[in-house]
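Report on one structure; see the data block that follows.
The values are calculated or read from the model by the stated rules, or taken from the named source; none is laboratory data. On a predicted model such as this, the values are computed, not experimentally measured, just so you know. A quick note on method: Cβ atoms are made from the backbone with ideal geometry, for glycine too, and the neighbour counts reach across all protein chains shown. Protein only, heavy atoms only, side chains kept; ligands, DNA and RNA dropped before computing areas. Shrake-Rupley method; radii C 1.70, N 1.55, O 1.52, S 1.80 Å.
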Amino acid sequence: HAASLLVAGSFWSDADGDPMSPVLMAAIVLGVVLLWAVVSFNRFVSQRNLIANSWSNVETELRRRYDLIPNLVETVGGYASHEKSTLTEVIEARAGAVASTGDVEAQAGAENVLVEGLRHLLAVSEDYPELVASSHFLELQRELVTTEDRIQASRRLFNGNVRDYNQRVEAIPSRLIAALGRYRKADYFE
């Protein structure tokens, strides 16, 4: 019905059928544009906060993994004490990951080093049948797998929020509001 009003021109007329003044029409158009700009700006704010919240969830899961690592290293060290370099590598990688919180890109690099160290540690542990049979080691390994699954789920949610936000930053017409509000593309957590 609104489209037919626009086409017929009656939308741009007053109650008597006389055309609206150009000033009134410009005011209506300006009002609609301002309303769109406010809604678009508020959506950017909402999306930025959603990204911050989902990043907080990722950090929570990463901290959970950081807390498991000393127990895992200690358990493996009890059975494989001559694997000192591997244990040291994991401890240093954990320290680097803990220290690099905040910046998504720096965090991703540190996490990749840590994950590689954990893989090496778990590969070494397979050379020790008593360790692999240890109920404490098996429980730590289960917790680590669960934590890794939770990290991946949090990462997917974060990256989905970043994708949606980045699409708005790059797409027209919201790109105009992004430029005015200095909203920049966010980094994915890879």
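Structural remarks
- Whole-number accessible area per residue in Å² for the chain, which is evaluated in the context of all protein chains at 1.4 Å: 61 Å²
- Between helix 104-125 and the chain: long-axis angle, C-alpha atoms, 0 to 90°, nearest 10: 30 degrees
- Using alpha-carbon coordinates, inclination of helix 135-170 to the longest axis of the chain, degrees: 20 degrees
- Region 104-150 shape via C-alpha gyration tensor axes, a/c threshold 1.5: oblate
- For residue 125, net neighbour charge (Lys/Arg +1, Asp/Glu -1) across residues whose Cβ lies under 12 Å away: -3
- Relative contact order %, the chain, counting alpha carbon pairs below 8 Å whose residues are six or more apart: 27 percent
- Rounded to the nearest 20, the Cβ-based charge dipole of the chain about its Cα centre (Lys and Arg +1, Asp and Glu -1) stands at 620 debye.
- Seen against the Cα atoms of the chain and their longest principal axis, helix 22-79 is set at about 0 degrees.
- Taking only Cα atoms of region 91-190, radius of gyration then Dmax in Å: 19.1, 63
- Region 28-105 and region 117-160 have Cα centres lying 18 Å from one another.
- Debye-formula intensities of the chain, expressed as log10 I(q)/I(0) at q = 0.10, 0.13, 0.17, 0.18 Å⁻¹, are -0.59, -0.79, -1.05, -1.11 (one equal scatterer per alpha-carbon, no solvent).
- Virtual spin-label span in nm between residue 53 and residue 123, 7 Å along Cα→Cβ: 4.1 nm
- For region 45-96: rounded, prolate or oblate by the Cα gyration tensor [a/c cutoff 1.5]: prolate
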